[in-house]
Structure formats: structure tokens, C-alpha cells
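First up is the structure itself, then whatever we jot down about it.
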Amino acid sequence: MISGPTGCGKTSVIEQILARLHRPAQSYTCGASTEFMDLVGQWVMVAGDMVWMDGCLTTAMRHGHVLILNEIDLVDPAELANLNAVLEDAPLVITHNGGEIVKPHADFRFIATCNGNGNGGDGIYVGVQRQNLAFMDRFNVIKTNYLNPDIELDILKKVTPKIPNTIAKRMIELANKVRSIFIGEGDDDNIELSVTFSTRTLIRWAVLTQRNKGAGCPLSYALDRALLNRCAEKEEVEAIRSLAIGLFGDSFNPAENEN
Ligand SMILES: Nc1ncnc2c1ncn2[C@@H]1O[C@H](COP(=O)(O)OP(=O)(O)O)[C@@H](O)[C@H]1O
Ligand SMILES: [Mg+2]
């Protein structure tokens, strides 16, 4: 299980490692309505006949793929408890398919990603559920966090080569300030943020900045679209903008983009 904040690269690191190892994988993103049977399979109509179709778990167990289940802590713990046997190398019994028994292939592996640590979260991530202790007990848990600034700089250099290094460095600095405030570790205790600055958001900000170089202030225009327009309160927008002005100077001018 890989646990860490949203958009820090949990899913991509697994997918990239597996790609380099030439290991086939099934990647499935869970939600609050995910049920165990969604993973196992279903009967579907094909040319007038009912045909059984394996879900990602069954496919992975049968053919020796790696199953990556994303955002696992959004799922109802009672549904996940159905995985307990499978997580201990037991075969999968598909009652809906005449009691078929699927023995786990020797190469079958199971990796989960989540934002919390199975304890129901601290209110930061909406919808995170407290998971069943017996389920959590079956995992090796790796904690992750956002990448080091120098690695994020390498990423920005690759995706937006036209943005000068000095600017990219400040963009990453802003991202890290927002991340600290989001988890309640900022310098200013009075402000609470409803959004954070994932690597995904950082990349989006950079790409939009590079693409909208004709805007009055591309950095500010792009930041609105990448992050600020998602803020719940006006005060958050103002707080993040004033951090940006502190880093980029008066050239960071939202007014130039109005209209
Ligand atoms: N090491 C990295 N190099 C390049 N891009 C990365 C790296 N880590 C994460 N990203 C990018 O950051 C974004 C978020 O990654 P993702 O794996 O979806 O995060 P998570 O699963 O933690 O929510 C993706 O757009 C991904 O391409
Ligand atoms: Mg993910």
C-alpha cells in the first residue's frame, strides 16, 4: 500500500516501474460506490447471449498481472473485506459464475494507493473511510510525500522548457508553501486552505503559463485556472495570490487578466 497526499505520484511511480519491468498491470480507480463485484466481473449480453466478463481482479489473478487499486480508502470497508482471503494467497471463488475457482497466478501482485493511512483521515480528504483493521493488517505500507524541489524542477524543465529556471523554482516554492498551509504547517495560523498544490496542479500551472504567454500576466492567468478557481473562499485566493506576489514581485498582477 502506498499512502500519500493527492497528486504526489503514487500511481505513476508504480505504473512507470512496472512498465520498465515489462510487467502487465491492471489499474483501477475506486470510488465511494465501488463494490467487490466490480473488481471480480459481471455477466454481459453479447450478440443475444449472456457471457461472463472478468473484472480487473480476476484478470490479474488469472493471468499474473499486477493489480493497482487506486484511492482504496474511499471504498466501503465491508466491500474491501471481501479481498482479505485473496490478500493471503487464497484462490478467488466466483459464486456469480457457478462457483468458479481462480487460483492466483504466481506473478499476481496487489498494490493499493490511498491518501490516508486507513484510519479514516483527518478531514482533509473528503470521503475517506476508516478501513477494517483485518484488511489493513495485510499490507506493507509505504508512506510518500511530494517530490523534492530539485526533482520537481527537472519535471518542469521537461514539460515546459520555455519557462526560465528562476521562474520554475519560484513556482515550486509557491507549491510547497501552499502544501504546508494545507496540512496546517504554514507560518500563518489564521488561514485554512480547501485546495493543495499537487504535482499534477503544478504541471498544469506550468503548461498553461507557457501556452498563454499572450495573456497580460501568464503566471497569474494560468494559476487562476490551475488552482485558484477551485478555492472554496475568496480569502484563500487572496492568501495564495499574496504569497505569489511575495515570490514573483509586482509583475504577478491578476488585474491584468481581468476581462
Ligand atoms: N517522478 C515524476 N516525473 C514526472 N511526472 C510525475 C512524477 N511523479 C508524478 N508525476 C506527475 O504528477 C501527476 C500526479 O501523479 P499521480 O501518479 O496521478 O499522483 P497520485 O496517484 O499520487 O495522485 C501526474 O500528472 C504525473 O504524470
Ligand atoms: Mg493516483
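Any read-out appearing in this document is the output of simple, stated calculations on the displayed coordinates, not a laboratory observation. All of these numbers come straight from a predicted model, not from anything done at the bench. Neighbour counts run over all protein chains shown; Cβ positions are idealised from the backbone, glycine included.
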Legend entry - Volume per residue of the C-alpha convex hull in the chain, rounded to whole Å³: 174
Legend entry - segment 1-39 residues near the modelled ILE151 label - backbone nitrogen below 15 Å, point 7 Å along Cα→Cβ: 2-18
Legend entry - Extended-chain gain in nm, criterion 0.36 nm per residue less alpha-carbon gap, ARG130 and ASN84: 15.0 nm
Inset, instruction - Please give every one of the lysines within straight-line cross-link reach of LYS158, meaning a C-alpha to C-alpha distance under 20 Å, and leave out same-chain neighbours fewer than 8 residues apart. - result: LYS10, LYS169, LYS213
Legend entry - the chain: DSSP helices with Cα axial extent of at least 24 Å and average Kyte-Doolittle hydropathy no lower than 0.0: 165-182
Legend entry - Calculated Rg and Dmax of segment 14-112 using C-alpha coordinates, Å: 13.8, 41
Legend entry - Rg to Rh, two decimals, where segment 149-257 supplies the alpha carbon set and Rh follows Kirkwood: 0.94
Inset, instruction - List LEU227, LEU87, LEU18, LEU133 from most exposed to least, where exposure is judged by having the fewest other Cβ atoms within 10 Å. - result: LEU133, LEU87, LEU18, LEU227
Inset, instruction - Within segment 180-224, which residues have the backbone N less than 16 Å from the label spot 7 Å out from VAL13 along Cα→beta-carbon, could you tell me? - result: 198-200
